[in-house]
1. Residue 29 - would you say it is surrounded by 10 or more Cβ atoms within 10 Å (Cβ to Cβ), part of a helix (DSSP H, G or I) and over 12 Å from the mean Cα position of the chain (by Cα)?
2. Provide a single number: the residues in region 1-15 that are surrounded by 11 or more Cβ atoms within 10 Å (Cβ to Cβ) and touching a residue at least 24 places away in the same chain (Cβ under 8 Å).
3. Of the numbered conditions (1) assigned to a helix (DSSP H, G or I); (2) at pLDDT 95 or above, residue 24 satisfies every one except a single condition; which is it?
4. Which of (1) in a helix (DSSP H, G or I); (2) surrounded by 12 or more Cβ atoms within 10 Å (Cβ to Cβ) does residue 43 not meet, given it meets every other one?
């Protein structure tokens, strides 16, 4: 699936730096962040 994502320039720059430090592409970093967010939300559902 393709998706266009618009980010403020400052957010993009910070994300790019984080991705570089984690040895990931920006796309890979976004996927990682989204997966972690979903995991946290699913854990919250189970804890309630």
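The values are calculated or read from the model by the stated rules, or taken from the named source; none is laboratory data. Since the model is a prediction, treat every value here as computed from it, not as a measurement. Glycine gets a Cβ as well: all are built from the backbone with ideal geometry, and neighbour counts include every protein chain shown.
1. On the way: surrounded by 10 or more Cβ atoms within 10 Å (Cβ to Cβ): yes; part of a helix (DSSP H, G or I): yes; over 12 Å from the mean Cα position of the chain (by Cα): no.
Against the criterion (surrounded by 10 or more Cβ atoms within 10 Å (Cβ to Cβ), part of a helix (DSSP H, G or I) and over 12 Å from the mean Cα position of the chain (by Cα)), residue 29 does not qualify.
2. The number of residues fulfilling the criteria is 0.
3. (1)
4. Result: residue 43 fails condition (2) only.
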